[in-house]
Amino acid sequence: MVEQPSADDTSEETQDLATTLSTIAEQSSEMVSDFLKETYGIDYASQVDPLNIGGAFLELTTRMMTNPALMVQAQMSLWKSHMDLWHSTTQRMLGHDVEPTIEPEQHDRRFRHEAWEDNELFDYIKQSYLLSARWLRSTVKALHGKDEHEAEKIDFFTRQFVDALAPSNFMLTNPEVLEATMESGGQNLLKGLDHLLHDLRRGGGQLKISMTDDEAFELGENVAITPGKVIFQNDLIQLIQYDPSTKKVAQRPVLIIPPWINKYYILDLRPENSFIQWMVDQGQTVFCISWVNPDETLAQKTFEDYMFEGPLAAIDVIQKATGQKDVNAIGYCLGGTLLSVTLAYLAVKKKPLVNAATFIATLTDFSEPGELGVFIDDEQVTLLEEKMAEKGYLDGKEMAATFNLLRANDLIWSFVVNNYLLGKEPFPFDLLYWNEDATRMPAAMHSFYLRKMYLENLLAVPGGIELGGVPIDLAKIKVPVYMVSAREDHIAPWRSTYLAIDLFNGPIRFVLTAAGHIAGVVNPPHKNKYAYWTNSRRAKHPEVWYKNAKKHDGSWWNDWAKWLHKHQGNEVAARKPGSGKVKALEDAPGSYVRVSILHEPSDESES
């Protein structure tokens with residue numbers, strides 16, 4: 001029988017734990033330093049800690065030292081868990097069937113190779129890591145103070161530290177890498193080194209991990225290929241009208257307002273997963289905004305400009321092109337936020353230009369913004385504003401790095417293993433190509449958006465912001481609304497998007513889809529993938545709504561099409577782009593979307 005530790009032992013172990021957490025604080029600060037230096041070009045060593053990670057972890061260590069009872073309990077819990085693991089591993093080695101002490105979460109793809117389960121040694125390494133990771137995160141969470149924002153920072157960067165130390169990320173503790181090394185005589189590591197050097201060259205001296213084969217895709221050839229014409233452009237947008245595929249179409253055209261933080265073609269990747277092509281085939285006249293990829297010449301473009309030169313300019317052109325006085329509008333993510341202020345503006349102006357609105361994964365109340373909130377506080381926004389003032393815009397690479405960090409295991413470490421340890425070529429994947437094809441943000445607009453919405457949450461306050469001389473009040477929105485959000489969305493958490501039901505005053509159909517911000521949205525019906533939930537009864541709290549919701553297998557697209565059918569008007573003859581009062585300028589996807597940062601050198605390489 002193993003002897004349990006004495007009080008003296010636990011006191012000494014508490015001191016050891018203090019040292020461990022202090023080390024985590026130091027290493028997490030270094031990790032943030034590297035992140036800031038790579039993405040923001042800031043030498044952390046010469047700056048005041050903009051994230052206050054060092055201070056947050058220092059406070060955490062202080063709380064730990066003043067709560068020895070909790071630390072003894074935590075240490076005993078860890079000790080017992082590892083003793084249980086050692087016992088079960090021993091039993092397994094003796095030929096007994098035993099249940100695992102801990103298993104990876106269902107969505108954790110790091111341990112899919114059969115050796116992680118079949119081989120006793122690697123199974124022990126895996127479970128030992130999972131136990132330690134769970135213990136560290138739960139202990140840190142139990143120790144944090146009452147400041148929720150600081151607690152979220154600590155938890156987030158503890159997770160980054162824990163994820164970085166996963167045994168799957170190292171050659172000697174990853175059975176798949178060891179197997180590949182033995183079978184290839186080490187050729188995988190040589191190829192991995194070549195990939196590493198390529199990515200360093202690609203980033204101009206900074207590591208820019210290749211997620212897919214960039215050369216495998218070309219806009220207008222195998223992505224963004226739904227046929228159509230650009231019929232209008234100004235400083236901020238090109239407006240695309242798509243060719244009809246049916247003889248008759250709905251009377252009321254559809255305008256898509258995509259987020260300007262990414263390219264519009266997330267909704268038009270390939271024909272089999274293109275939401276735009278699917279809508280065209282459903283008999284809709286579809287228009288889509290393609291936002292410019294701004295440079296320093298557009299630094300002073302404001303959020304107000306994005307409204308006037310974006311959806312309002314687009315609707316004016318659509319009226320001329322179709323003769324229809326109003327549209328059904330769709331806003332995705334940031335595009336939905338812009339759509340909400342546009343609707344509130346039009347309500348005050350008494351201009352019924354939008355008949356019905358669809359909001360996809362859209363925040364209007366930013367009180368609980370999810371993990372993105374870790375990167376958004378006054379100090380960090382001020383830092384970004386100083387950086388944007390130098391260039392006139394926020395570099396798309398910086399935004400991409402932030403979003404990748406939110407899903408580090410899927411968007412960073414999986415590619416480290418695949419590209420550098422296994423020596424495999426990145427798989428050509430349209431979604432990851434789009435993910436890397438990021439866009440810049442004009443300084444004035446982005447500062448307004450971060451401060452007025454994320455920091456101050458003024459969009460949720462009647463008259464909190466003013467655009468075009470009009471106080472914006474979302475309660476004035478009375479058009480029919482369809483809202484779809486994703487259950488695993490880490491960018492626009494569904495419980496936060498749900499809060500819009502108390503902000504809008506028209507009839508609302510709220511639908512929840514499975515999966516995340518992209519996969520849950522880009523989910524064509526023919527794949528019969530995932531599920532969605534509906535509940536015709538409104539509830540004050542999202543959890544109550546979800547508890548009483550009905551689950552449906554497959555895609556939300558068909559449910560949305562039934563809703564849209566009630567608001568689309570009669571059938572009319574199909575409209576060909578450029579055949580009416582508004583002439584075509586060029587073929588879709590247009591020139592704005594082709595301005596890419598994918599192959600731009602980094603600032604360091606330019607200097």
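The values are calculated or read from the model by the stated rules, or taken from the named source; none is laboratory data. Bear in mind the structure is a predicted one, so any value in this text is a computation, not a measurement. Please note: Cβ atoms are built from the backbone with ideal geometry, for glycine as well, and neighbour counts cover all protein chains shown. Surface areas here come from the heavy atoms of the whole protein model, side chains and all, with no ligands, DNA or RNA. Shrake-Rupley method; radii C 1.70, N 1.55, O 1.52, S 1.80 Å.
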Among the residues of the stretch 418-432 satisfying the criterion of being open to solvent by less than 20 Å² (accessible area, probe 1.4 Å) and outside any loop (DSSP other than H, G, I, E, B), which is nearest to His198 (Cα to Cα)?
Asn419
Candidate set: the stretch 262-299, residues that are open to solvent by less than 10 Å² (accessible area, probe 1.4 Å) and part of a strand (DSSP E or B); chosen: the one nearest to Leu219 (Cα to Cα):
Ser290
Could you check Leu353 against (1) of a type outside the set (Gly, Ala, Ser); (2) closer than 20 Å to Gly464 by Cβ; (3) free of Cβ contacts under 8 Å to residues at least 60 places away in the same chain and say which number it fails?
(2)
If you take the residues of the stretch 369-417 that are over 14 Å from the mean Cα position of the chain (by Cα) and assigned to a loop (DSSP other than H, G, I, E, B), which of them is surrounded by the most Cβ atoms within 10 Å (Cβ to Cβ)?
Asp395
What residue, of Ala515, Ala588, Ala519, is out of contact with any helix residue (DSSP H, G or I) (no Cβ under 9 Å at 6 or more places or on another chain), open to solvent by less than 70 Å² (accessible area, probe 1.4 Å) and at pLDDT below 95?
Ala515
Any idea how many residues of the stretch 586-596 are in a loop (DSSP other than H, G, I, E, B) and either touching a Lys or Arg at 6+ places or on another chain (Cβ under 7 Å) or on the phi > 0 side of the Ramachandran plot (or both)?
2
Condition check for Lys146: modelled with pLDDT under 90, within 28 Å of the chain's Cα centre (by Cα) and assigned to a loop (DSSP other than H, G, I, E, B):
yes
How many residues are among the hydrophobic types (A, V, I, L, M, F, W, C) and part of a helix (DSSP H, G or I) when one looks only at the stretch 548-576?
5
For the stretch 557-582, the count of residues that are under 24 Å from Gln233 (Cβ atoms), open to solvent by 50 Å² or more (accessible area, probe 1.4 Å) and at pLDDT 95 or above equals 1
Name the residue, out of Phe157, Phe111, that is open to solvent by less than 50 Å² (accessible area, probe 1.4 Å) and at pLDDT 95 or above.
Phe111
Pull up the stretch 455-509, narrow it to residues that are of a type in the set (Asp, Glu) and open to solvent by 30 Å² or more (accessible area, probe 1.4 Å), then point me to the one that is farthest from Ala444 (Cα to Cα).
Glu488
Which residue is modelled with the lowest pLDDT, if the candidates are limited to the stretch 208-227 and must be open to solvent by 10 Å² or more (accessible area, probe 1.4 Å) and outside any loop (DSSP other than H, G, I, E, B)?
Asp214
For Leu459, state whether it is modelled with pLDDT of 95 or more, among the hydrophobic types (A, V, I, L, M, F, W, C) and either in a loop (DSSP other than H, G, I, E, B) or within 29 Å of Asp268 (Cβ to Cβ) (or both).
yes
Give just the number: which of (1) among the small types (Gly, Ala, Ser); (2) under 23 Å from the mean Cα position of the chain (by Cα); (3) open to solvent by 40 Å² or more (accessible area, probe 1.4 Å) does Gly205 not satisfy?
(2)
Being among the aliphatic types (A, V, I, L, M), open to solvent by less than 30 Å² (accessible area, probe 1.4 Å) and over 31 Å from the mean Cα position of the chain (by Cα) is the filter here; which residues of the stretch 114-141 pass it?
Ala115
Which condition does His526 not pass, out of (1) at pLDDT below 95; (2) surrounded by 14 or more Cβ atoms within 10 Å (Cβ to Cβ), if it passes all the others?
(2)
Got at least one residue in the stretch 180-201 being among the acidic types (Asp, Glu), outside any helix (DSSP H, G or I) and open to solvent by 10 Å² or more (accessible area, probe 1.4 Å)?
no
With the checklist (1) open to solvent by less than 20 Å² (accessible area, probe 1.4 Å); (2) touching a residue at least 12 places away in the same chain (Cβ under 8 Å) in hand, flag the one item Ala539 doesn't pass.
(2)
Within the set of pairs 6+ apart or on separate chains, which have a first residue in the stretch 175-191 that is more than 11 Å from Lys424 (Cα to Cα), a second that is outside any loop (DSSP other than H, G, I, E, B) and open to solvent by 70 Å² or more (accessible area, probe 1.4 Å), and C-beta atoms under 8 Å apart?
Leu178/Leu172
For the stretch 542-556, the count of residues that are open to solvent by 100 Å² or more (accessible area, probe 1.4 Å), touching a strand residue (DSSP E or B) at 6+ places or on another chain (Cβ under 9 Å) and either modelled with pLDDT under 95 or polar (S, T, N, Q) (or both) equals 0
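The rows are residues; the columns are (1) touching a residue at least 12 places away in the same chain (Cβ under 8 Å); (2) assigned to a loop (DSSP other than H, G, I, E, B); (3) over 21 Å from Ile261 (Cα atoms).
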position: Phe448; (1), (2), (3): yes, no, no
position: Ala475; (1), (2), (3): yes, no, yes
position: Ser485; (1), (2), (3): yes, no, no
position: Ala492; (1), (2), (3): yes, yes, no
position: Gly506; (1), (2), (3): yes, yes, yes
